[in-house]
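Participant: Could you have a look at this structure, given as structure tokens, before my questions?
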Amino acid sequence: MLAIAARLTAVAAAAVFVGSASAQSNGVGFTLLPKHVVQGEDAHVVVSVRPSGTRCTLNVRYQGGTQQPGLGATIATGGRAAWTWHVPTDVQAGLAKTTVRCASAGSATRSLVIVGRLIEPKITVTKQGFSIRPSLGGGTRLSYGLILHNDSPGKDAINVSVQTNFVMGDNNLLGTDSQHVNGIAAGADYALGRMINFPGGAPITRLEVVIQVETYKAQALHNPTLANIHLLPSQFEPNWLGSIEGELQNTDAALSLQSADLSAVVFDAQGNVLGGGSGFAFQALPAGAREFIKVNFGLDAIPWDKAASTMVSMTSTWKQPGT
């Protein structure tokens with residue numbers, strides 16, 4: 001999983017050497033002071049003190065007035081006093097004032113810049129749910145659905161791996177399903193629905209989801225348009241959901257659609273996830289053309305009388321006409 005963040009580490013190479021106590025009348029001087037420290041990183045400060053053996057304290061006041069807790073006093077040993085602390089992630093970015101006071105040796109004050117940490121883009125599960133149905137001849141079918149949200153407003157999530165664990169009441173796992181999503185557009189939701197078969201009973205009480213993203217790229221993903229999406233009961237088992245049908249339209253004026261992977265999540269009347277399924281659209285479509293689509297794999301564990309609405313998502317493959 002690629003974690004994207006701005007990291008500016010406060011190390012000696014990024015520090016300002018500002019002189020020693022011998023050059024200052026008050027007997028205290030900063031010898032190592034970071035130029036900047038990122039929220040959530042460690043900061044290091046070193047001062048020279050004259051005379052040695054003096055008791056020193058450090059006070060750090062962040063932008064907005066918040067003070068750094070837990071900075072204990074120290075005794076200057078060999079004419080040197082040092083502190084290391086962890087900058088909280090929730091302090092205000094901007095100038096922070098550091099003040100060292102060393103009894104009769106005096107005091108010194110300098111400023112450093114606290115840099116705000118960029119929020120790492122991530123995929124969150126905003127809704128999830130499942131339905132279970134015993135299979136004829138033994139075993140159990142489980143249809144599950146996840147609504148995945150790309151939190152990044154400007155970057156597409158590319159090559160998303162989704163691992164779903166099926167957890168029983170004793171917190172032990174009965175199974176794991178792994179799925180790959182080619183991409184989730186910036187700021188968008190993706191409906192991931194699948195069917196899992198168990199050889200015996202499946203006393204599943206909850207889902208546990210692990211998501212990894214290979215990379216994020218500048219916003220570029222787009223998909224064809226869906227229309228007339230509706231739910232239908234099974235033709236042979238009318239008490240169960242049979243399919244999700246509708247139309248797919250290529251509304252891109254320049255590109256031809258090669259294919260699309262379809263994934264759907266089904267909701268009840270209250271918006272709770274009942275499960276989901278998948279399908280494919282293999283027909284190549286030039287600009288302005290449309291085709292019939294049908295999602296029917298993985299839905300027949302969902303009771304028809306509970307199914308009220310659906311969300312269908314796609315990952316699409318495009319090409320330039322004539323190529």
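The values are calculated or read from the model by the stated rules, or taken from the named source; none is laboratory data. Quantities reported herein were computed from a predicted structural model and do not represent experimental measurements. With ideal geometry, Cβ positions are generated from the backbone for all residues, glycine too; neighbour counts draw on all protein chains shown. Note: accessible area is taken over every heavy atom of the protein model, side chains too, but ligands, DNA and RNA are not part of it. Shrake-Rupley method; radii C 1.70, N 1.55, O 1.52, S 1.80 Å.
Participant: Could you check the simple spin-label distance between ALA93 and ALA269, using points 7 Å along Cα→Cβ, in nm with one decimal?
Facilitator: 4.9
Participant: Can you run phi through the Karplus equation (6.51, -1.76, 1.60; θ = phi - 60°) for the stretch 201-210 and list ³J(HN,Hα) in whole Hz, with x for Gly and Pro?
Facilitator: Ordered by residue, 3J(HN,Hα) equals x, 9, x, 7, 10, 7, 10, 10, 10, 10 Hz.
Participant: If we sort 236-246, 128-138 on the protection proxy, mean other Cβ atoms within 10 Å, highest first, what's the order?
Facilitator: Result, highest mean Cβ count within 10 Å first: 236-246, 128-138.
Participant: For log10 I(q)/I(0) by the Debye sum over Cα atoms at q = 0.06, 0.08, 0.12 Å⁻¹, pick the label among (1) -0.27, -0.48, -0.99; (2) -0.21, -0.37, -0.83; (3) -0.40, -0.58, -0.84 that corresponds to the value derived from the coordinates.
Facilitator: Only one listed value fits the structure, namely (3).
Participant: In whole percent, how big is the carbon plus sulfur part of the accessible area of the stretch 149-220, probe 1.4 Å, protein atoms only?
Facilitator: 46
Participant: Same structure, new question: Hey, quick one: spin label on GLN67, modelled 7 Å out along Cα-Cβ, who in the stretch 84-108 has an amide N within reach, i.e. under 14 Å?
Facilitator: Under 14 Å, as judged by backbone N against the label point of GLN67, lie 97-101 of the stretch 84-108.
Participant: Sticking with this one: Quickly work out the GLU208-to-ASN159 label distance, labels modelled 7 Å from Cα along the C-beta direction, and quote it in nm with one decimal.
Facilitator: 2.7
Participant: Using a 1.4 Å probe on the protein heavy atoms, what percent of the accessible area of the stretch 224-323 belongs to carbon and sulfur? Write out the running numbers ahead of the final one.
Facilitator: Working: 2510 of 4870 Å².
With neighbouring chains kept in place, the figure for the stretch 224-323 is 51 percent.
Participant: What residues have an amide H closer than 5 Å to that of ILE293, excluding those fewer than 5 places away on the same chain, when H is modeled at 1.01 Å from N in the peptide plane?
Facilitator: Sorted by chain and number, the residues that satisfy this are GLY246, GLU247, LEU248.
Participant: Give me the percent relative contact order of the chain, please, defined on Cα pairs under 8 angstrom at least 6 residues apart.
Facilitator: Answer for the chain is 14 percent.
Participant: May I ask you to derive the relative contact order of the stretch 210-323, considering only C-alpha pairs under 8 Å and at least 6 residues apart, and to give it as an integer percent?
Facilitator: 32
Participant: Cα to Cα, under 12 Å, and not fewer than 8 places away if on the same chain: which aspartates and glutamates meet these conditions relative to LYS306?
Facilitator: Cross-link targets: ASP268.
Participant: Check cross-link reach from LYS97 to the lysines: straight Cα distance under 25 Å, and skip same-chain residues fewer than eight apart.
Facilitator: Filter leaves LYS35.
Participant: Further question on the same structure: Give me the percent relative contact order of the stretch 138-195, please, defined on Cα pairs under 8 angstrom at least 6 residues apart.
Facilitator: Once normalised by length, the contact order is 49 percent.
Participant: Between LYS122, LYS97, LYS294, find the one with the highest GNM mean-square fluctuation for the chain; connect C-alpha pairs within less than 10 Å.
Facilitator: LYS97
Participant: A further question follows. Please list, or write none, the lysines whose alpha carbon is within less than 27 Å of the alpha carbon of LYS217, excluding same-chain residues fewer than 8 places away.
Facilitator: Hits, sequence-local ones excluded: LYS122, LYS127, LYS155, LYS319.
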